[in-house]
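The values are calculated or read from the model by the stated rules, or taken from the named source; none is laboratory data. Computed from a predicted structure; not experimentally measured. Using ideal geometry, Cβ is built from the backbone for each residue, glycine included, and neighbour counts are taken over all protein chains shown.
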Amino acid sequence: MTSPRRTKAGLRRPYDSESLLTVAVGVFNTRGYDGTTMEHLSAAAGIGKSSIYHHVAGKEDLLQRALDRALNALGSVLEEIDPQASALDQLATVVRRSVEILIRELPYVTLLLRVRGNSRVEREAMQRRREFDARVVELVRRALSDGSVTSGLDPSLTTRLIFGLVNSVSEWYHPERGIDEVGIPEAVVALVMHGLTPSPTPPVSSSPTPPVSSSPIPPASLTPSSTDARTAALTEAR
């Protein structure tokens, strides 16, 4: 059984648990979970609190469902990677699919990124996210072992930096602003794996004896080729 809701045209349409969850996540992201009351949810949904309780046990139940949706989607990424692929290719797949899921499930992943562990549901969600991160750390460690990632990188720090970039998409991507989402996943993968320069070889200056400050030093990327180029550029500058 569903509960009615009133649209802008004044017509009444039924609420189900899924549409109610959509409303709740929007309120949580706007007000913060701790700052949201059942009265806020009732007002946003346009139905009485008793109608909400008909579908869910309460505010924490809605939070649980929202975080499960985000975490289940992220968890599926690890199940999709090709076990026969190299560790670096698997890592690229994880990065790409994580961005795609963030875009597809934007309100839910945004909520996940904002939890602070103030409740049992939040702590459990944070633990599941840590388990996901640990799997990615292992991918980075394997890529280090086979030489496909720059030597000397710390796997845990590298994972944090990668997902700092991935998660930042939630701060500026707003589909209603007309931003084209198609190229975002590949752009993030390219930046993580190859940096900003189009080639590992730095451009040659036309000046025969350029000052040190003008020597081109490409930015670092995950793969070792850019590190070799950077070292060569520094040597030339000296």
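Laid out as a table, the results:
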read-out	value
Hits in the range 23-53 (condition: of a type in the set (D, E, K, R) and over 22 Å from the mean Cα position of the chain (by Cα))	D34, E39, K49
Where M126 falls short, out of the listed (1) more than 24 Å from D82 (Cα to Cα); (2) among the aliphatic types (A, V, I, L, M); (3) in contact (Cβ under 8 Å) with a residue 24 or more places away in the chain	(3)
Any hit, the range 148-171, residues being of a type outside the set (S, T, Y), in contact with a Pro (Cβ under 9 Å, 6 or more places away or on another chain) and at pLDDT below 95	yes
Condition check for R135: free of Cβ contacts under 8 Å to residues at least 24 places away in the same chain and either crowded, with 19+ Cβ neighbours inside 10 Å or not aromatic (F, W, Y) (or both)	no
Subset tally (residues that are closer than 26 Å to G35 by Cα and aliphatic (A, V, I, L, M)) for the range 99-146	11
Single condition S51 does not satisfy, out of (1) out of contact with any strand residue (DSSP E or B) (no Cβ under 6 Å at 6 or more places or on another chain); (2) among the hydroxyl-bearing types (S, T, Y); (3) over 18 Å from R123 (Cα atoms)	(1)
Residue match in the range 85-93 (condition: within 29 Å of G26 (Cα to Cα), aliphatic (A, V, I, L, M), assigned to a helix (DSSP H, G or I) and in contact (Cβ under 8 Å) with a residue 12 or more places away in the chain)	no
Evaluation of G147 against (1) part of a helix (DSSP H, G or I); (2) in contact (Cβ under 8 Å) with a residue 60 or more places away in the chain; (3) closer than 20 Å to A190 by Cα (one fails), failing number	(1)
Search result, residues across the range 55-102 that are within 22 Å of D146 (Cα to Cα) and more than 19 Å from the chain's Cα centre (by Cα)	D82, P83, Q84, A85, S86, A87
Subset of the range 151-203 that is part of a helix (DSSP H, G or I) and among the small types (G, A, S) - its residue that is surrounded by the most Cβ atoms within 10 Å (Cβ to Cβ)	S170
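Yes or no, residue by residue, for (1) among the charged types (D, E, K, R); (2) modelled with pLDDT under 95; (3) surrounded by 12 or more Cβ atoms within 10 Å (Cβ to Cβ):
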residue	(1), (2), (3)
T7	no, yes, no
S17	no, yes, yes
E39	yes, no, no
A57	no, yes, no
E60	yes, no, yes
V77	no, no, yes
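Residues are listed down the side, and each one gets a yes or a no for (1) closer than 16 Å to Y15 by Cα; (2) aliphatic (A, V, I, L, M); (3) not in a helix (DSSP H, G or I):
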position: T30; (1), (2), (3): no, no, no
position: A43; (1), (2), (3): yes, yes, no
position: I52; (1), (2), (3): yes, yes, no
position: L67; (1), (2), (3): no, yes, no
position: P83; (1), (2), (3): no, no, yes
